[in-house]
Ligand code: B12
């Protein structure tokens with residue numbers, strides 16, 4: 001099978017919730033020499049997009065969302081060490097506090113961004129999901145963060161990003177940290193509107209933008 005066919009197969013298997021076959025297909029793609037980040041972005045994430053669309057159309061239900069989420073996470077266990085190998089961990093670029101905002105439990109994309117930043121040389125503090133503005137601020141202060149990175153997948157929780165920025169202002173550290181936001185419903189315009197410093201649409205761009213934010217490239 002060609003690289004394109006292998007990636008397409010992963011996409012299709014995840015989209016069709018063929019859970020048992022996804023991990024094997026991922027391992028096969030790795031054996032074929034496809035970089036982990038391409039397997040994630042062009043295989044798994046594409047498949048996940050289809051799952052989301054089918055859910056929206058009423059063709060899939062919550063059970064399918066859960067199964068696809070779990071499968072993605074299992075595949076990430078195989079891919080995470082490879083992602084770390086593919087990055088350069090030589091110099092420390094800066095400290096990033098990352099989390100999914102309050103009320104939001106989606107963590108797959110956020111965790112990919114966290115792993116990519118770590119493999120690129122950032123020191124990453126991952127606060128997990130459902131993170132309150134106070135928790136973001138507490139951690140940013142504690143570790144003297146350079147960047148606060150927030151993820152939201154629900155239109156209803158995007159507003160929490162603004163609350164975190166307000167909390168950073170209240171704590172008097174807004175000018176000491178850069179704020180980057182992301183997640184499927186988030187846009188560049190929204191970032192501007194709430195006063196964030198940056199937005200990135202995927203994990204590869206997130207690394208580029210974070211390097212720029214700390215003056216690294
Ligand atoms: C898997 C999934 C779930 C899983 C999550 C499992 C987990 N551990 O994360 C479960 C089943 C738990 C779930 C629950 C729900 N979900 Co859901 N879910 C999804 C789904 C299908 C995929 C999300 C995903 O993981 N994508 C794959 C990753 C790789 O992509 P990503 O998250 O977008 O991340 C990339 C970029 O966005 C970016 N990025 C992400 N974070 C960050 C952060 C920074 C700083 C930067 C720079 C970049 C960045 O980089 C990532 C990598 O490239 C989406 C559909 C979709 N199209 O997004 C719906 C979706 C987000 N869910 C939805 C809904 C409605 C729900 C529920 C309310 C369902 C329900 N009735 O209970 C609950 C809410 C629970 C909660 N309180 O959070 C809706 C949201 C609609 C809306 N407009 O708000 C969606 C869009 C589905 C749909 N089309 O209707 N869900």
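Bear in mind these aren't lab numbers, they're just calculated from the coordinates by the rules spelled out. On a predicted model such as this, the values are computed, not experimentally measured, just so you know. Reconstructed Cβ throughout: ideal geometry from the backbone, glycine too, with neighbour counts over all protein chains shown.
Taking the Cα centroid of segment 143-192 and of segment 14-75, what is the distance between the two, rounded to the nearest whole Å?
What the calculation gives is 28 Å, centre to centre.
Multiplying the sequence separation of residue 38 and residue 205 by 0.36 nm and subtracting their Cα-Cα distance, what value in nm do you get?
This chain segment gains 58.8 nm when fully extended.
Send over the per residue convex hull volume for the chain, Cα only, as a whole number of Å³.
With only Cα atoms used, the chain gives 116 Å³ per residue.
Provide, for q = 0.11, 0.23 Å⁻¹, the log10 of I(q)/I(0) from a solvent-free Debye sum over equal Cα point scatterers in segment 3-86.
-0.26, -1.01
Name the shape class, rounded, prolate or oblate, that the alpha-carbon gyration tensor gives for segment 94-213, where a ≥ b ≥ c are the square roots of its eigenvalues, rounded holds for a/c under 1.5, and otherwise prolate holds if a/b is larger than b/c and oblate otherwise.
Since a/c stays below 1.5, the shape of segment 94-213 is classed as rounded.
Can you tell me the relative contact order of the chain? Whole percent, Cα pairs under 8 Å, sequence separation 6 or more.
This gives 16 percent for the chain.
Relative to the longest principal axis of the C-alpha atoms of the chain, give the angle of the C-alpha long axis of helix 159-170, reported between 0 and 90° and rounded to the nearest 10°.
Tilt of helix 159-170: around 30 degrees.
Got the relative contact order for segment 1-53 handy, in percent, Cα pairs under 8 Å and 6 or more residues apart?
This gives 51 percent for segment 1-53.
Could you tell me how many degrees, from 0 to 90 and to the nearest 10, lie between the Cα long axis of helix 108-120 and the main elongation axis, the longest principal axis, of the Cα atoms of the chain?
Tilt of helix 108-120: around 70 degrees.
What is segment 150-217 by shape, rounded, prolate or oblate, if you read a ≥ b ≥ c off the alpha carbon gyration tensor as root eigenvalues and call it rounded for a/c under 1.5, prolate for a/b larger than b/c, and oblate otherwise?
It comes out oblate by the Cα gyration axes.
Can you figure out the FRET efficiency of residue 155 with residue 84, using R₀ = 35 Å and their beta-carbon distance, to the nearest 0.05?
It comes out at approximately 0.60.
Helix 19-31 versus the longest principal axis of the chain: what angle, 0 to 90°, nearest 10, using Cα atoms?
On a 0 to 90 degree scale, this one is about 80.
Based on the Kirkwood radius over alpha-carbon pairs, what value in µm²/s does the Stokes-Einstein equation return for the translational diffusion coefficient of segment 49-106 at 10 °C and 1.306 mPa s?
Rounded to a whole number, D works out at 110 µm²/s.
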